[in-house]
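Chemist: One structure coming up, written as structure tokens, with questions to follow.
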Amino acid sequence: MPGQRTLLSECGHPEQSVLMPELVHAAYYRDSYRVELGRSELTVSDAFHAIFMHRPAWMKLIMLSRNYLVSLFGIAVPDNAEIMHPRMRSDYKVGEKIGAWPIFYLSSEELVAGRDNRHLDFRLSIMRVEQGQTVAIVISTVCITHNWFGRVYMQLIRPFHRWGLKLLIRQAILAGRL
């Protein structure tokens, strides 16, 4: 229907992203989803808040359980407060955390956060894309595994990641945060 925005669609990783081409092409796992914004004034930090700072309690508990289990293998995890009570701020800088993740890159067009670990490195990119009158964001995940544990972990987590990420994006759309 003309004028109706695309709620959520799978797409390719934006060519203009700072993660392209080396990191994306070397990835063991990657995904990207595009959402046309109903609120075109949102910054990339606002979009991150809209999606990731409103997790349901059951999802937070699953993340705490996951963190406990992987910490038994010596994997660095965020502290419980970063999961249960994420702090939202209006201003961020590279090196600071947004939610539970350190920021690797930040501009008006793209925010890249993630974590480096022994088993894998992951990056989450939120990129603002403008095409004519349409303003959208592309949410991308890129994971590079370092060993067998990282590959097994990604095989186990992949279906939950895809389902959970799409759920969080849809909830942000339905709540009018995007």
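Chemist: For ALA81 and SER9, calculate 0.36 nm times their separation in residues minus their Cα-Cα distance, and state this gained length in nm to one decimal.
Modeler: Taking ALA81 through SER9 to full extension adds about 22.7 nm, to one decimal.
Chemist: With labels modelled as points extended 7 Å from the Cα through the Cβ direction, what inter-label distance (nm, one decimal) is found for GLN171 paired with SER107?
Modeler: 3.2 nm
Chemist: Right, another one. How large is the charge dipole for the stretch 102-178, taken about the Cα centre, if only the Cβ atoms of Lys, Arg (+1) and Asp, Glu (-1) carry charge, to the nearest 20 debye? Show your work: numbers first, answer last.
Modeler: Details: 10 positive and 5 negative charges, 79 e Å.
Dipole size: approximately 380 debye.
Chemist: Label points 7 Å out from Cα along the Cβ direction at GLN133 and LYS60: separation in nm?
Modeler: 4.0 nm
Chemist: Could you give the dipole magnitude of the stretch 49-141 about its Cα centre, charging the beta-carbon of Lys and Arg +1 and that of Asp and Glu -1, in debye to the nearest 20?
Modeler: For the stretch 49-141, the charge dipole is close to 300 debye.
Chemist: Hey, another quick one. Loop-only trypsin sites (Lys or Arg not before Pro) in the stretch 147-178, please: DSSP not H, G, I, E or B, and at most 15 other Cβ atoms within 10 Å.
Modeler: Answer in residue order: no site qualifies.
Chemist: I've got another one for you. Note down the net charge around GLU109, summing +1 for each Lys or Arg and -1 for each Asp or Glu among other residues with Cβ under 11 Å from its Cβ.
Modeler: Overall, the nearby charge balance is -1.
Chemist: Pick the calculated Cα extents along the principal axes in Å for this structure from [x] 66, 37, 31; [y] 54, 38, 34; [z] 51, 34, 32?
Modeler: Among [x] 66, 37, 31; [y] 54, 38, 34; [z] 51, 34, 32, the one derived from this structure is [z].
Chemist: Test of understanding: what is the full-extension gain from SER90 to VAL18, defined as 0.36 nm times their sequence separation minus their Cα-Cα distance?
Modeler: 23.7 nm
Chemist: With unit charges on the beta carbons (Lys and Arg positive, Asp and Glu negative) and the dipole taken about the Cα centre of the stretch 46-116, which residue among SER108, TYR92, PRO56 sits farthest to the positive side?
Modeler: PRO56
Chemist: Charges only on Cβ, +1 for Lys and Arg, -1 for Asp and Glu: so what's the dipole of the stretch 1-155 about the Cα centre, in debye to the nearest 20?
Modeler: I would put it at about 500 debye.
Quick note: the coordinates plus some simple rules give every number you see, no bench work behind them. The structure presented is a predicted model; accordingly, all values stated were derived computationally and were not measured. A quick note on method: Cβ atoms are made from the backbone with ideal geometry, for glycine too, and the neighbour counts reach across all protein chains shown.
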